[in-house]
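Accompanying notes for the structure given below.
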Amino acid sequence: ELFYQLALMKFNGVTMAMLGNEGVDVMAVIGQMLQFEEDLNSSHPKKITVKVSKTNIDLARQATTCLAEKAPMLEEYFSIKFEKRQVQTVQKKAIRTLFLTGLPVLLDGHSPQPHALPIFLLRLATEVNWKEEQPCFEGICRELASFYAEAPSDNTAFLEMEQDDSNNNNGKGNMELVGENAKRYIQHILFPGISFLLVPTKQNFSDGAMLKLANLTSLYKVFERC
């Protein structure tokens, strides 16, 4: 919700951060992500292939074409910058492909997680209603929010989980699901942003995500009586 509100507040005025290494090949990362998901869901999940199937290449090409068509609007209003460049294939053929070169700065000190980028690009192309203006802008803000809210991945947390599993037989079950990187991100970036920038919605209170502990206006009235 925080990043959704930030995307709305900074609409058409957000600072852009340029990506290093000349950006990200959009079609390549979407295709590899689709292939990885397909391999994980296959009957041989341990067999992860490097080569992307024709079906996944076609799906990645469709998503890339959609993003290329919407690139001017995405850059103007959301600071999501795409550039077309000429690259050489393995067969030494020159082709033009789409690169992601810039992303918005929604919260100072925060950078979205690279591991969440492929699914963000795919959902941006396939889950946004591009035909109607208001649903379109809302959908883009929602996808940005999901992307930016992704917590840092920390391999040490998974290693500790495996170690704890091996120690369970000895009665040692001190498993932590959140790694140190994620803890620092939550403590020093996310929580301060929530406390100063988030405007709670009625749904936040109704679904139990937030609890009202005190009302300063009411407290001031009590002090005035005293």
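A few comments on the model shown:
- Peptide ranges 68-77, 102-111, 29-38, 190-199 listed from the most packed, as the mean C-beta count within 10 angstrom indicates: 29-38, 102-111, 68-77, 190-199
- Nearest-0.05 FRET efficiency for Ser195 and Phe36, computed from C-beta distance (R0 30 Å): 0.20
- Residues in the stretch 56-68 carry Karplus couplings, in order, of 5, 5, 5, 5, 5, 5, 5, 5, 5, 4, 4, 5, 5 Hz; the curve used is 6.51 cos²θ - 1.76 cosθ + 1.60 with θ = phi - 60°, and Gly or Pro positions show x.
- Directionally averaged projected area (convex hull, Cα atoms, the stretch 71-114), nm²: 4.1 nm²
- Distance in nm between pseudo-label sites at Ile95 and His188 (7 Å out along the Cβ direction from Cα): 4.2 nm
- Size-normalised alpha-carbon gyration radius of the stretch 93-132, reference 2.2 N^0.38 Å: 1.52
- For Arg85 and Asn21, a Förster radius of 22 Å and the Cβ-Cβ distance give a FRET efficiency of 0.95, rounded to the nearest 0.05.
- Derived scalar couplings ³J(HN,Hα) [the stretch 136-145; Karplus, 6.51 cos²θ - 1.76 cosθ + 1.60; whole Hz; x for Gly, Pro]: 5, 5, 5, x, 5, 4, 5, 5, 4, 4
- Residues whose amide H falls under 5 Å from that of Gly102, counting only those 5 or more places apart or on a different chain, are Leu19, Lys81, with hydrogens built in the peptide plane.
Just so you know, all these numbers are worked out from the coordinates, no wet-lab data involved. Source: prediction; values computed, not measured. Positions of Cβ are generated from backbone atoms using ideal geometry, with glycine treated the same way; all protein chains shown enter the neighbour counts.
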